Amino acid sequence: MKEAKTALEMYRMMQLIRRFEEEAARAYSLGKIGGFLHLYIGQEAIAVGAAHALEATDSVVTTYRDHGIALARGMTSNAGMAELFGKVTGCSKGLGGSMHFFDKEHRMYGGHGIIGSHLPLAAGIAFASKYTGDGGVTMVFYGDGAASIGATHEGMSLAALWKLPIVFVCENNQYSMGTSLERSISVTDMSTKADAYGMAKDRFVAEDVFEVRDRLKVAIERARRGEGPTLVEILTYRYRGHSMSDPAKYRTKEEVEDHKRRDALNRLRADLDASTDTRAAAEALDASVEAEVAESIRFADASPEPTADLLEATTYVGEFAR
Amino acid sequence: MKSMRYREAVREAIAEEMERDSRVFLMGEEVAQYQGAYKVSEGLLERFGEKRIIDTPITEAGFAGIGIGAAIVGLRPIIEFMTWNFSAVAFDQLLNNAAKLRQMSGGQLSVPIVFRGPNGSARQVGSQHSHSMEHFYVHVPGLKVVAPATPADAKGMLKAAIRDDDPVLFLESETLYSVKGDVPEGDYVVPFGKGRIAREGKDCTLISYSRMVHVCLEAAEALAAKGIDCEVIDLRSLRPLDEEILVQSISKTHRAVVAYEGWPYGGVGAEVVDRIQRLAFDELDAPILRVTTLDVPMPYNAKLEQHVIPQADRVIAAVEAVTYRRD
Ligand SMILES: Cc1ncc(C[n+]2csc(CCOP(=O)(O)OP(=O)(O)O)c2C)c(N)n1
Ligand SMILES: [Mg+2]
């Protein structure tokens, strides 16, 4: 198969994200994880394709559905799982939780909880790249539900006006909580929002992780050349409810099954299984993923909790201001 | 009397007012087909139809503004914020439109609107989802802000809010939704600006509202066992604020602790302390203490979160301090 080595790498990461989250869901039901837990299962091809299209010096910003891109950018499973468990060894020291994964080392600037508010923030990182000429590109992910809110448009408006090196990736999983696309926006082809800002655009279905990578790369390179932002709408689907408390009664079983049949992870695996070499390699990767995820659970369980002195120490730099 | 949960009391108030007045409608995220993110509006779509129970996209500034616009021409909207945290992106609508239109128009316009939803901490939902927004809003003349602690007050005050000709911010609490209590039957309306004695006592006054009233009652029981008899005042209404009930109670106990969720800098507690020291200075035998959320963003870790949120033990310690049982 083409690019067998990359295919295996991408396969491993997609499998890792899925298994990491399946185990996180289990830990949640055991009470080891609290608050909100929004799973990315079904959407893995986007984070992994994106991570393979970006350079290490590029930046990413996303929503509360943030485990996938964090792992794909290089956060360890241990740091991710420990964060979910609220442990001090977690990526945000157990202070952020599922919605607020941060990993400065891998230029992963969060995990954000307020719909749309992170788009201007991401545009700010892109602004800094342009200002300093560091050559970095920022990629910001947002949901279909965020396409209607003001901050999203202010972020795009400024990014387009100032030709900032940014790629807006709309992960259109067709629902915002229980609201289907048709009920939440008048024009359901959300890439058309780009037209209003004179931005380049693209739109496709996330069924093939290579396609995700290659099409995002086009947008990234455009940004890097100083030709301004692109809005890329990627159609996808979340297999689980919005969060752990959502039974997702607003969609039919058939609809979910139909999307699962076109699962990008299974598709990649089927391609790998077509040759005996890559099949054996994929099986070995499955085993290594299982070991990594099991270790992350063990690590998270065994890790210490953050202590109260961290609270003031992380509110301001230096002396606490009253 | 009928026993019901807080969420049912809120729902009943909405339903009764919608029956009574066709100008009343409910608008917000997931209020209709999903039956409410916290199931407050369960069954209302079926009962009132999609013209009056209206799902919105994620557009808080948009639908808050639409509500205000509809209100100045005579409709009586109930706008649900999925949680009050998200009102932050609509802050301008509340501050510059809802609160200002009456005076700015020389009194020509009224803004009969209710904004409602759960406020304050939930459980481990992190720093962006745990805000006590009342402290920002009570600052604003033109807004009324209420935060009932019981199902009865939830029902009676929401009915009053819907009938009010000024904008009312009605603060519920995720952790109160399942609390049960007796609610009077019939057209039960609780006027604003009147606090409630939740527990009578003579040694110290505990002043609170919303969820923290229940924490204060718990603290009062523990203190009773130690021989300190606390009076617990449930303010219910934060703006307008019932000064009379404060002065009366302090004239009896001569000591006070204000306990609520929200940061210690400014806010409702500071306002209460200011009013007491101005109106009942001579009655005080000790400085008034406040028990608040700690002065930091809310952490995710469960133990740290509980450490940051005010708890009964901190209320007890404060009462012991103002009654000079500890230093
Ligand atoms: C301003 C604001 N309003 C409401 C919410 C509550 N909320 C959290 S996620 C969500 C749905 C978002 O859907 P979408 O943007 O499609 O992303 P997805 O969850 O599908 O990844 C809502 C309404 C919020 N976080 N912020
Ligand atoms: Mg969505």
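The values are calculated or read from the model by the stated rules, or taken from the named source; none is laboratory data. As the structure is a computational prediction, the values presented were derived from the model and not from experiment. Virtual Cβ from ideal backbone geometry, glycine too; neighbours counted across all protein chains shown. For the accessible areas, the whole protein counts, side chains as well, though only heavy atoms, and no ligand, DNA or RNA atoms are used. Shrake-Rupley method; radii C 1.70, N 1.55, O 1.52, S 1.80 Å.
General observations
- Number of residues in the range A:199-251 that are part of a loop (DSSP other than H, G, I, E, B), open to solvent by 70 Å² or more (accessible area, probe 1.4 Å) and not acidic (Asp, Glu): the value is 5.
- Annotation note: of A:205, A:212, the sole residue that is more than 14 Å from chain B (Cβ to nearest Cβ) and within 16 Å of ligand 2 (Cβ to nearest atom) is A:205.
- Options A:32, A:87, A:2: the member that is surrounded by fewer than 22 Cβ atoms within 10 Å (Cβ to Cβ) and either within 14 Å of chain B (Cβ to nearest Cβ) or in contact with a strand residue (DSSP E or B) (Cβ under 7 Å, 6 or more places away or on another chain) (or both): A:32
- Taken as a whole, the structure leaves residue B:75 outside the set of residues that are within 21 Å of the chain's Cα centre (by Cα), open to solvent by 30 Å² or more (accessible area, probe 1.4 Å), modelled with pLDDT of 95 or more and over 20 Å from residue B:6 (Cβ atoms).
- Scanning the range A:189-198 for residues that are open to solvent by 20 Å² or more (accessible area, probe 1.4 Å) and assigned to a helix (DSSP H, G or I), we see that the one that is nearest to ligand 2 (Cβ to nearest atom) is A:193.
- Any chance residue B:152 is over 12 Å from the mean Cα position of the chain (by Cα), within 25 Å of residue B:217 (Cα to Cα) and not in a loop (DSSP other than H, G, I, E, B): yes
- Residue B:32 being in contact (Cβ under 8 Å) with a residue 12 or more places away in the chain, open to solvent by less than 10 Å² (accessible area, probe 1.4 Å), touching a helix residue (DSSP H, G or I) at 6+ places or on another chain (Cβ under 7 Å) and closer than 12 Å to residue B:158 by Cα: no
- In summary, helices (runs of 4 or more DSSP H) completely within the range A:108-188 and bearing 3 or more residues that are without any contact (Cβ under 8 Å) to a residue 12 or more places away in the chain and either open to solvent by 10 Å² or more (accessible area, probe 1.4 Å) or near ligand 1 (Cβ under 10 Å from one of its atoms) (or both) occur at A:118-132.
- Filtered residue count, the range B:119-143, keeping only those that are more than 14 Å from chain A (Cβ to nearest Cβ) and closer than 17 Å to residue B:88 by Cα: 11
- Flag for residue A:95 being within 16 Å of residue B:128 (Cβ to Cβ), buried (at least 24 other Cβ atoms within 10 Å of the Cβ) and more than 11 Å from chain B (Cβ to nearest Cβ): no
- Just one of the numbered conditions (1) closer than 26 Å to residue A:264 by Cα; (2) more than 14 Å from chain B (Cβ to nearest Cβ); (3) in a loop (DSSP other than H, G, I, E, B) is not true of residue A:78: (3).
- Single residue of the range A:275-310 satisfying the filter (touching a residue at least 24 places away in the same chain (Cβ under 8 Å) and within 14 Å of chain B (Cβ to nearest Cβ)) that is surrounded by the fewest Cβ atoms within 10 Å (Cβ to Cβ): A:304
- Scan of the range B:78-92 for residues that are buried (at least 18 other Cβ atoms within 10 Å of the Cβ) and either away from every other protein chain (no Cβ under 11 Å) or among the hydroxyl-bearing types (Ser, Thr, Tyr) (or both), ordered by number: B:78, B:79, B:80, B:81, B:83, B:84, B:87
- The range B:175-200, residues that are assigned to a loop (DSSP other than H, G, I, E, B) and open to solvent by 70 Å² or more (accessible area, probe 1.4 Å): B:185, B:187, B:191, B:194, B:200
- Residue within the range A:228-239 that is within 22 Å of residue A:36 (Cβ to Cβ), within 13 Å of ligand 1 (Cβ to nearest atom) and of a type outside the set (Phe, Trp, Tyr) present: yes
- Single residue of the range A:167-188 satisfying the filter (under 16 Å from the mean Cα position of the chain (by Cα) and away from ligand 2 (no atom under 11 Å from the Cβ)) that is farthest from the other protein chains (Cβ to nearest Cβ): A:167
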